[in-house]
Structures are given as structure tokens and as C-alpha cells.
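No value in this document is a laboratory result; all are computed from the given coordinates. The structure displayed is predicted, hence computed values, not measured ones. Reconstructed Cβ throughout: ideal geometry from the backbone, glycine too, with neighbour counts over all protein chains shown.
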Amino acid sequence: MPVGRHAPHRVGGLYFNGYARRKPSPIVSVAEPGPRTRSSGVSRKVFTIVRVIGSDPIDAHCLVPVGERLNAFALVIYIAGPLGGFLDDLRRELVPGYNPHAHVSVLPPRPLVADWRDASKQARSLAEGWVPFDVELTEIGIFPVTNVLYLEVGKGASDLDSMHRAMNQGPLGFDEPFPYHPHSTLAQGIPPGQVTEVRDLARRRWREFRGTRTFRADRTVFVQSTLRDCWIDLADYPLGAVPAKI
């Protein structure tokens, strides 16, 4: 497995470094496996995330049999609007075969010791007292070793750092293998000989984008991985639902 703080996260024998979705379906959207990573000649699948489509995230959780749910959870903020749509299209162009859902992660994938509902209560309690904030995506970079292409977070990075520190404890706590680095992934699993080409294409498309590069972080989503090679939305928590005490 690649080493360094930007290597894929391993949870339950699987590696995760992206979240994705397909077009809505009545029950579940299933992702195709992402690119494979190699370590010492061993090939490992890197899975992306999709969403179970349902009016109520808790009901969606019930659509997946208990035996197909993995002890792997994450907390994300989806990027909506034209910016999110642009990033989804860009990622599909850079790495054909992906069906992404643009996001930034507050908590990278992790196993839980406690019941997920206890962790959910903690996430909701903290989120409801958190003031919504703006997140600006700035420059395109490449993480060393893994060659993961990403968009750096400018404004809002300190808020994400603070939220990560607050959330990463108690039922949600996990001894993460790499330091937290706020970003939005654009491409991964790029063949070594194509890294420069893919990076240059991404930078050109980013320069051509005329829309806003800032989005409002006003809601977090708690997701769980499944044996269907997909992730489901368990619950979402609006930020600032309970006014912060002054």
C-alpha cells in the first residue's frame, strides 16, 4: 500500500478514497469498483461511494440487509449546485468509469466500536450547534506517492479542521493513520505515465470554469459502506439547527 498521509484509508480490509453516486434508482445505486492499488504485487480494489436513494436516510439504511453492511462509516459534506455538477463532470472526464458525488470529508472512513446510532447522536448534537460556513476551492494539487489529484481548500479550511477535531472523539473517534487534510478529490488511480497529462487537463478545465468556487457548508451526511460496493446515507444533520449559545 502507498505510504504517506495521503494514501487511501483502510477499513475492514478495503481501501477508500472517494465517494460517488449513480443516477437515482428506487432502491439502491451501486458503484463499480474504482481503480486498483498495488502493494508488493498484491492488487486491492479502491471503492467509490454512492447513495441509497430514499426520502428518509434512516429508511434507506433499512433497504440494505444487515449482513451486507460493513463496519465502515464516514461523515461528509456534499458540494451542491453548479460547482458540484462541474466537479462531478470533471472527475468523470479525468477518470472515465467513475460516478462521483463531489464532497469534502469531515471524518474519513473508520470502523465504529459503538452502535452507529450512538455515533449519529453525537454527530447530530455537534452539527446542530455548529454555525454554517463557506468553503472555497482554490488550487489543484497532487498528493505525493499516491498521485491523487485534488482541489485545495482555502477559506473554510480552519472550520473543517475544527469540526474534524470536535467530531473525532467519543463514539466517532478513530486513530486515523494520516493527518487530516481538507480537500476535494478529483482523480485517483492515475497511471504514472499519465499524471502530468491529467493534471494539466484538470487545471485547464478549472481555469475555464466561470461559476463560483465557493459553496456553503450547511449540512453533514453520515454514510456507511456495504458489500454492494456502495455507500448509503444513514442520516443528515443541518448545521446551526440549534442556535449557538453566546
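Laid out as a table, the results:
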read-out	value
Efficiency of FRET from Cβ geometry, residue 169 and residue 214, R₀ 41 Å, rounded to 0.05	0.90
Residue 217 long-range amide H proximity, modeled H, under 5 Å	133, 134, 135
Residue 106 long-range amide H proximity, modeled H, under 5 Å	75, 76, 77
Note, ³J(HN,Hα) from phi for the range 102-118, Karplus 6.51, -1.76, 1.60, rounded to Hz, x at Gly and Pro	3, 6, 10, 9, 8, 10, x, x, 7, x, 10, 7, 8, 4, 4, 5, 5
Efficiency of FRET from Cβ geometry, residue 195 and residue 80, R₀ 35 Å, rounded to 0.05	0.75
Mean projection area, nm², convex hull over Cα of the range 70-111	3.5 nm²
